[in-house]
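Below is one structure, written out as structure tokens; comments come after it.
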Amino acid sequence: MNYIYSCKTADGKIENGIIDAPSPDAAAKLLSQKQLFVLDLRQEGDSLEKKGLNLDIPFLSKRVSIKDKIIFTQQLSMMIKAGLPLLDAFTALEEQTENKYFAGIIHDIAQDVKGGKPLSETLAKNPKIFNTLYTATVASGEKSGKLDEVLERLSDQLQKDYDLISKIRAAVSYPILVVTALIGIMILMFIFVIPKLKSVFADMGATLPLITRIILGISDVFSQYWYVLLILILVIYFGVRIFSRTKKGRLTIDRLILKTPMVGSLMKEIYMTRFARTMGTLVASGLPMLDIIATVKYVINNRVYQDAFENISTEIESGVPLSEALKKQKIFPAMIYHLVSVGEKSGKLDYVLLSMANFFDKEIENKTSNLATFIEPVLIIIIGAGVGVVVASVLMPIYSLVNTI
């Protein structure tokens, strides 16, 4: 596999080229053996500039994607491992980062580091980019003196999260597209097509079936009172948003999500994956257990689980083992606290947790593929039923008129 590199030589000159290696780490090691400090390293063909793409869109310019953070974390880890001073590493990252907004953030980080601030502290100034998990993991690396290893584990964590999000998006994008298109077509029919048929039915003078009268009534609402519907939709939307920002509202909505058929089961698997992988990464980084629980609580964006982690934190503070504290919270599967117990006894808790995360990853992959398989025929039935009702409402008066004649 070929990797394009940009390196600094011992006398300070920049050297660019291509190196063949099985992985980015192997390429970095080969370059460091040649007394070269890695400034930029990427697989051949990955560069957007090489492909002639310019993604500097104003609307998206102030945005840092997960992919940007993965590349940043991987390259920072490789540079530190290759022996490049931290300040020089940030200077190199700023120069080679294609996202101009992110490059500005990296510049500010470099200035803070130059001023003597810890890296974790300056990263925490940008919580929308570097969340609690990221900064806590970096802080553990600084304390242990193994920042390169911690960053490598963190990049793996980010990559897993990216893969998980991609799988979920792939599973739900098609159904959302189809449902949105169906709703749009039905609204257009109710506004433009059905009203014209109403005058035709009136000229026929026949008694309209119930289903036809219902369709015509819905059409009247859409065509004459659309602004009322729009206001109602906006009121419901903002009402739900305001309600969800209250503690009680957030808890109610999160409980409903977990109880929703199929979706709730999938979300539980996702939460367990994040819990296991995040905790495994932080345990391996040497962070204290109470700090780990405090970080994991915010990684899972569900109030039901956040309340459970607050209870777990209280239990651990009073001397209860993690496995027992998990067992007392009924929302965790039995497999979780049994395996955590094994990890505690064997001293390999990080390995057990990361293995669990890989297991749940496979479960999510199976469920998302099954969900897509299940949704397709359901959508066909819904579309067929919707079209059938509209067609029936149009044809039934015509058949009634024919029978009368």
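Could you tell me which of the residues Lys268, Lys196, Lys259, Lys248 is charged (D, E, K, R) and surrounded by 14 or more Cβ atoms within 10 Å (Cβ to Cβ)? Give the steps one after another, and end with the answer.
On the way: Lys196 fails: surrounded by 14 or more Cβ atoms within 10 Å (Cβ to Cβ); Lys259 fails: surrounded by 14 or more Cβ atoms within 10 Å (Cβ to Cβ); Lys248 fails: surrounded by 14 or more Cβ atoms within 10 Å (Cβ to Cβ).
Unique residue meeting the criteria: Lys268.
Pick out the one residue from Leu234, Leu229, Leu197, Leu282 that is within 38 Å of the chain's Cα centre (by Cα) and under 30 Å from Val391 (Cβ atoms).
Criteria check complete, one pass: Leu229.
At least 2 residues that are touching a helix residue (DSSP H, G or I) at 6+ places or on another chain (Cβ under 8 Å) and charged (D, E, K, R) in each: list the helices (runs of 4 or more DSSP H) lying fully within segment 225-314 that qualify.
247-259, 263-284, 289-299
Here are the criteria: (1) in contact (Cβ under 8 Å) with a residue 24 or more places away in the chain; (2) under 30 Å from Leu154 (Cα atoms). Tell me which single one Val394 does not satisfy.
(2)
Could you list all residues from segment 326-365 that are out of contact with any Pro (no Cβ under 9 Å at 6 or more places or on another chain) and of a type in the set (Val, Ile, Thr)?
Selection gives Ile331, Ile336, Val342, Val352, Ile364.
Within segment 162-191, how many residues are in contact (Cβ under 8 Å) with a residue 12 or more places away in the chain and farther than 30 Å from Glu363 by Cβ?
The total comes to 6.
Let me confirm something: among Phe90, Phe72, which residue is in contact with a Ser or Thr (Cβ under 9 Å, 6 or more places away or on another chain) and crowded, with 21+ Cβ neighbours inside 10 Å?
It is Phe72.
Report, ordered by the first and then the second residue, all pairs with beta carbons closer than 7 Å, sequence separation of six or more or different chains, a first member in segment 364-388 that is closer than 27 Å to Ile270 by Cβ, and a second member that is modelled with pLDDT of 75 or more and not in a helix (DSSP H, G or I).
Partner pairs satisfying both residue conditions: Leu371/Met262.
Taking Glu344 as the residue in question, decide whether it is over 30 Å from Arg169 (Cβ atoms), surrounded by 13 or more Cβ atoms within 10 Å (Cβ to Cβ), free of Cβ contacts under 8 Å to residues at least 60 places away in the same chain and touching a Phe, Trp or Tyr at 6+ places or on another chain (Cβ under 8 Å). So that I can check it myself, show each step before the final result.
Details: over 30 Å from Arg169 (Cβ atoms): yes; surrounded by 13 or more Cβ atoms within 10 Å (Cβ to Cβ): yes; free of Cβ contacts under 8 Å to residues at least 60 places away in the same chain: yes; touching a Phe, Trp or Tyr at 6+ places or on another chain (Cβ under 8 Å): no.
Here the answer is no, as Glu344 does not meet what is asked.
Of Glu94, Glu98, which residue is part of a loop (DSSP other than H, G, I, E, B), acidic (Asp, Glu) and modelled with pLDDT of 75 or more?
Values: Glu94 fails: part of a loop (DSSP other than H, G, I, E, B).
Within the list Glu94, Glu98, the selection yields Glu98.
Go through segment 183-217 residue by residue and tally those that are in contact with a helix residue (DSSP H, G or I) (Cβ under 6 Å, 6 or more places away or on another chain) and more than 21 Å from Tyr399 (Cβ to Cβ).
3
Identify all residues within segment 315-341 that are in a helix (DSSP H, G or I) and loosely packed, with under 15 Cβ neighbours inside 10 Å; write none if there are none.
Glu317, Lys328, Ala334, Met335, His338
Report yes if some residue within segment 391-401 is small (Gly, Ala, Ser), within 28 Å of Ile183 (Cβ to Cβ) and either assigned by TED's automatic domain parsing to the domain that holds Tyr174 or not in a loop (DSSP other than H, G, I, E, B) (or both); otherwise report no.
Within segment 391-401 (the criterion being small (Gly, Ala, Ser), within 28 Å of Ile183 (Cβ to Cβ) and either assigned by TED's automatic domain parsing to the domain that holds Tyr174 or not in a loop (DSSP other than H, G, I, E, B) (or both)), the answer is yes, since at least one residue qualifies.
Which ones in segment 180-215 are of a type in the set (Val, Ile, Thr), part of a helix (DSSP H, G or I) and out of contact with any Leu (no Cβ under 7 Å at 6 or more places or on another chain)? It would help to see each step written out before you state the result.
Pass one, segment 180-215, residues of a type in the set (Val, Ile, Thr): 180, 183, 185, 187, 191, 193-194, 200, 207, 211-212, 214-215.
Still in the running and part of a helix (DSSP H, G or I): 180, 183, 185, 187, 191, 193-194, 200, 211-212, 214-215.
Within segment 180-215, Thr180, Ile183, Ile185, Ile187, Ile191, Val193, Val200, Ile211, Thr212, Ile214, Ile215 meet the criteria.
The values are calculated or read from the model by the stated rules, or taken from the named source; none is laboratory data. Predicted model, so just to flag it, every value in this text is computed and none were measured. Here Cβ is always computed from backbone atoms with ideal geometry, including for glycine, and neighbour counts include all displayed protein chains.
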